[in-house]
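Report on one structure; see the data block that follows.
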Amino acid sequence: MATERNLAPADLKPAQLKTDVAIDMIGVHKWFGEFHVLRDINLRVAKGERIVICGPSGSGKSTMIRCINRLEEHQQGRIVVDGVELSGDVKKIDEVRRDVGMVFQHFNLFPHLTVLENLTLAPIWVRKQPKKQAEEAAMHYLQRVKIPEQAGKYPGQLSGGQQQRVAIARALCMNPKIMLFDEPTSALDPEMVKEVLDTMIQLAEDGMTMLVVSHEMGFARQIASRMVFMDEGQIVEVNTPKVFFDNPQHERTKLFLSQILH
Amino acid sequence: MPAKASARTLAAGSSSNDAQANLFSSTLNVVLTILCALLFAFIVPPLVKFLFIDAVWDGASRADCLVHAGHPEMGACWAFVIDRINFFTYGFYPIDGRWRVDVFFALLAFGVGWMAWLQAPRRDLGVIYFFVLMPVASIVLLLGWPAIGLTRVPTTQWGGILVTIVVAAVGIVASLPIGIMLALGRRSRLPAVRLFSVIFIEVVRGVPLITVLFMASVMLPLFVPESLSPDKLLRALIGVALFSSAYMAEVVRAGLQAIPKGQFEAAMAVGLRYRQAMRFVVLPQALTITIPNIVNTTIGLFKDTTLVFVVGIFDLLKTIESARVDPNWATPVTSTTGYAFAAMFYLVFCYGMSRYARMVEKRLATGNGR
């Protein structure tokens, strides 16, 4: 299969069984009008893998992970998430979205709801959990991101770092199998980046399958199972963090890394 | 700049020193201040004299309002308004059934209060009350239902403030949900829905209300057989409701556009369906910031209801029109007094709504007031 091209090198045991595959993107193309934003994306992510995606702005990183929960529609190729193929079928899209959590650059918390209500909205209306149970679960996840005392506040009353941790907790409340992070720390003040990254590291240690668009290279080195480098809508290089940072294979990767690592 | 200066004065609630600085700070300002003061002096005293000082408050017929020994100068004939106040309020509604109208007013006031008070308990129930329960109860109450002992009162007997309030209330109660649907339809991904919404909104907004009312009351009977043709008031109500919906749709659309796309995306990402995302995430935010504009549209609609009198419906203005020619009250000031009463009625309601809109606006400006 053509997909083998971008798969992990031999030392990284690739996903063998179908059930081990969390996400499979095969020959995915996407256009915004005339603009060819994704070109032949092939990426297979095994369960429990942590993929960090980097690349210059406009390279299609965000668009690629937004295709995984169908916030963007791909026009060619196949995307299979946890055994469910994304197509125009609304039921399947709903199924995928229930299992895939997403954290956005600008948090996108619901400002008219309290932190607790932000967390329980989807469990109550999508998972049909009783309110009390949803609230208990929400408090559990707020403990985990270390801000249970903010449950009654509105998002506008929290700092950026706290808001992003609430956003992570909101996604976790749906018990996702996969978490997508779209530049989760880019909109934060520098002193708040660490608290969010710590939360994500903890999540990685618990074995969550994660796709993270990020330029936090220290973080990437620490948690990534594989690094993906994208440029002009293509996946240029996929490698282990060690090889990726110390001995990148492609010229464009080298150039990019030299620009951001000074 | 005088405009800026006076605005600052209003905001600061000035002391006399401020007033001096702001009202007489430049030559232009002095001229404007004097002109305004003159205008004020020219209009206000005669108005007060006519409306209050020379006014006649009680009397039984025209004789009491005319000039006579104890009443040298003619003033407003409030005795006329007081004498005919029941007609102005209920029209020809049967006297023994007027309590039904009073109950309707109370139900409506309760509903409006529940909706307008933003921290009221159980506003979700309030919405159901306002948009479902209250309209149904009002129809039964006003129109009558012989099965439960309420005699039928045909709409031809309704009149006055009752009709004005009914037209305004129906316009508002119907226009919000229809307007929200149209606004969502206009942003829909389905071309047919979008096309219908756009055509409806643009056609209705491109036509004056008076034309819509004429269409509803004159043209409709030409195409529909008499037996099928709905009640005259109902036709006007439908006209007003459709008309105000188109305007409300544009107001709501502005609110929807103000909500960042990320809100909808976040709602989708946690698994909510389109309708749930709209109901729990987008609309609550969009409608809250739209309240001042909704109220402004409502003020316009409230005044526009007077137009129904051109198609022969007895609203407040029409009852005054017909009462002012009553020979029993024929005096030179009867018409003036009647119109002054109408003006005050509309002023009180519209000013109240406008104050409310200002209050909400202020609350929103101070960061959701939370």
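Mind counting the residues in the stretch A:146-165 that are in a loop (DSSP other than H, G, I, E, B) and crowded, with 16+ Cβ neighbours inside 10 Å? Number of matching residues: 5. Flag not set for B:Leu234, criterion: open to solvent by less than 30 Å² (accessible area, probe 1.4 Å), more than 30 Å from A:Ala171 (Cα to Cα) and either within 14 Å of chain A (Cβ to nearest Cβ) or part of a helix (DSSP H, G or I) (or both). Inside the stretch B:206-224, residues that are open to solvent by less than 70 Å² (accessible area, probe 1.4 Å) and either basic (Lys, Arg) or not in a helix (DSSP H, G or I) (or both) make up a count of 3. Of all the residues in the stretch B:109-133, those that are open to solvent by less than 40 Å² (accessible area, probe 1.4 Å), among the aliphatic types (A, V, I, L, M) and over 18 Å from the mean Cα position of the chain (by Cα) number 2.
Of the residues in the stretch B:292-303, not one is among the basic types (Lys, Arg), within 14 Å of chain A (Cβ to nearest Cβ) and touching a helix residue (DSSP H, G or I) at 6+ places or on another chain (Cβ under 9 Å). Quick check on A:Leu109: is it more than 9 Å from chain B (Cβ to nearest Cβ), in contact (Cβ under 8 Å) with a residue 12 or more places away in the chain and more than 16 Å from the chain's Cα centre (by Cα)? No.
For the stretch B:33-49, the set of residues classified as over 21 Å from B:Met74 (Cα atoms) and either open to solvent by 70 Å² or more (accessible area, probe 1.4 Å) or not hydrophobic (A, V, I, L, M, F, W, C) (or both) consists of B:Thr33, B:Ile34, B:Leu35, B:Cys36, B:Leu38, B:Leu39, B:Phe40, listed by residue number.
Looking across A:Ile41, A:Ile65, A:Ile79, A:Ile53, one residue alone is closer than 17 Å to A:Pro176 by Cα and open to solvent by less than 20 Å² (accessible area, probe 1.4 Å). It is A:Ile65. Residues in the stretch A:62-80 that are among the polar types (S, T, N, Q) and within 14 Å of another protein chain (Cβ to nearest Cβ): A:Ser62, A:Thr63, A:Asn69. Of the helices (runs of 4 or more DSSP H) entirely within the stretch B:35-122, those holding at least 1 residues that are under 30 Å from B:Val360 (Cβ atoms) occupy B:78-90, B:98-116. Please note which strands (runs of 3 or more DSSP E) are completely contained in the stretch A:182-262 and include at least 3 residues that are farther than 20 Å from A:Val166 by Cα. Filter on the stretch A:182-262 gives A:226-231, A:234-239.
Residue-by-condition table, conditions (1) surrounded by fewer than 17 Cβ atoms within 10 Å (Cβ to Cβ); (2) touching a residue at least 24 places away in the same chain (Cβ under 8 Å); (3) within 13 Å of chain B (Cβ to nearest Cβ); (4) in a helix (DSSP H, G or I):
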position: A:Leu119; (1), (2), (3), (4): no, yes, yes, yes
position: A:Ala122; (1), (2), (3), (4): no, yes, yes, yes
position: A:Gln133; (1), (2), (3), (4): yes, no, no, yes
position: A:His140; (1), (2), (3), (4): yes, no, no, yes
position: A:Gln143; (1), (2), (3), (4): yes, no, no, yes
position: A:Ala167; (1), (2), (3), (4): no, yes, yes, yes
position: A:Ala171; (1), (2), (3), (4): no, yes, yes, yes
position: A:Met174; (1), (2), (3), (4): no, yes, yes, no
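Of all residues in the stretch B:251-272 being at the interface with chain A (Cβ under 7 Å from one of its Cβ atoms) and not in a helix (DSSP H, G or I), which is nearest to A:Asn108 (Cα to Cα)?
Of all residues in the stretch B:251-272, those at the interface with chain A (Cβ under 7 Å from one of its Cβ atoms) come to B:262-263, B:265-266, B:268-272.
Filter once more, keeping what is not in a helix (DSSP H, G or I): B:270-272.
On the way: B:Val270: 11, B:Gly271: 14, B:Leu272: 14 Å.
So, considering only residues that are at the interface with chain A (Cβ under 7 Å from one of its Cβ atoms) and not in a helix (DSSP H, G or I), the one nearest to A:Asn108 (Cα to Cα) is B:Val270.
When we screen A:Leu255, A:Leu261 for residues that are among the aliphatic types (A, V, I, L, M), over 12 Å from A:Gly55 (Cβ atoms) and open to solvent by 50 Å² or more (accessible area, probe 1.4 Å), the only hit is A:Leu261. For the stretch B:251-267: of the residues being without any contact (Cβ under 8 Å) to a residue 12 or more places away in the chain and open to solvent by 20 Å² or more (accessible area, probe 1.4 Å), which is nearest to B:Thr290 (Cα to Cα)? Among those residues, the one meeting the criterion is B:Gln257.
The values are calculated or read from the model by the stated rules, or taken from the named source; none is laboratory data. Computed from a predicted model, the values in this text were never measured in an experiment. Backbone-built Cβ (ideal geometry, glycine too); neighbour counts: all protein chains shown. When the accessible area is computed, the model is the full protein with side chains, heavy atoms only, and any ligands, DNA or RNA have been set aside. Shrake-Rupley method; radii C 1.70, N 1.55, O 1.52, S 1.80 Å.
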